[in-house]
Amino acid sequence: MLENLLIIDKLCARMKHNLFLIILLCFFGSAIGQGKVSAVGRLNNYSDSVLKIVNNCSSQDNEIIKAIKEKNAGDIEKRRIALLQCATEGIKELTAIKSFDEDPALIYSSRETLNFYKQIAEWDIPQIRDFFIMEKNFLKAKKDFKKKSLKKYSQAEIYAYNNEVKKYNEGVLRYTQFNEFIANSRKKIWYNWNASQKLFMDTHRAN
């Protein structure tokens with residue numbers, strides 16, 4: 001009888017020990033899981049804060065695209081100024097954000113994207129805006145010129161009109177080149193940013 005009691009005591013002690021180990025493993029497993037969730041949340045919050053800055057400029061750029069399609073020089077200028085301000089302020093905001101776990105890759109690629117927006121707002125969009133102003137003036141002059149027959153114009157007037165036609169045709173060529181440059185650069189910059197963002201997220205999720 002005593003021997004049986006001793007066996008039962010040993011079994012109970014072993015069960016208590018195993019139960020303790022199970023509780024301990026559950027505690028550490030939960031802590032590790034919470035740490036993993038916390039790390040993922042920190043990564044997502046960081047990425048979202050950077051993406052918000054970039055997307056603000058992208059939205060302004062989309063408004064410029066609409067204005068260009070409508071050939072509205074006034075709207076283009078308004079949106080151009082908004083894009084320039086957005087890019088300039090965004091670059092300052094990115095500078096204030098620290099690297100994620102000493103990895104500056106996402107900040108770097110985002111700054112490159114905003115520098116692109118700043119560049120086109122300063123140099124390229126004004127060329128397109130000026131073309132539409134010139135086009136509007138030329139089409140009005142062309143309409144007025146065609147109201148009379150050539151016989152009623154002097155050689156000097158015909159020469160001046162032909163000179164305006166030449167300038168307009170040159171302007172069309174420049175407009176096409178600038179438009180293609182901006183469109184191709186936009187595709188390239190966003191391809192690079194998306195690739196950089198994916199690599200950044202994949203790298204830090206794996207850690």
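Coordinate-derived values only; no laboratory data. Bear in mind the structure is a predicted one, so any value in this text is a computation, not a measurement. FYI the Cβ positions are ideal-geometry reconstructions off the backbone, even for glycines, and counts take in every protein chain you see.
Rank these for me by crowding, ILE120, ILE158, ILE91, going from fewest to most other beta carbons within 10 Å.
ILE158, ILE91, ILE120
Please state, as a whole number in µm²/s, the translational diffusion coefficient that the Stokes-Einstein equation yields for region 27-159 at 37 °C and 0.692 mPa s, with Rh defined as the Kirkwood radius across alpha carbon pairs.
Estimated via Stokes-Einstein, D reaches 176 µm²/s.
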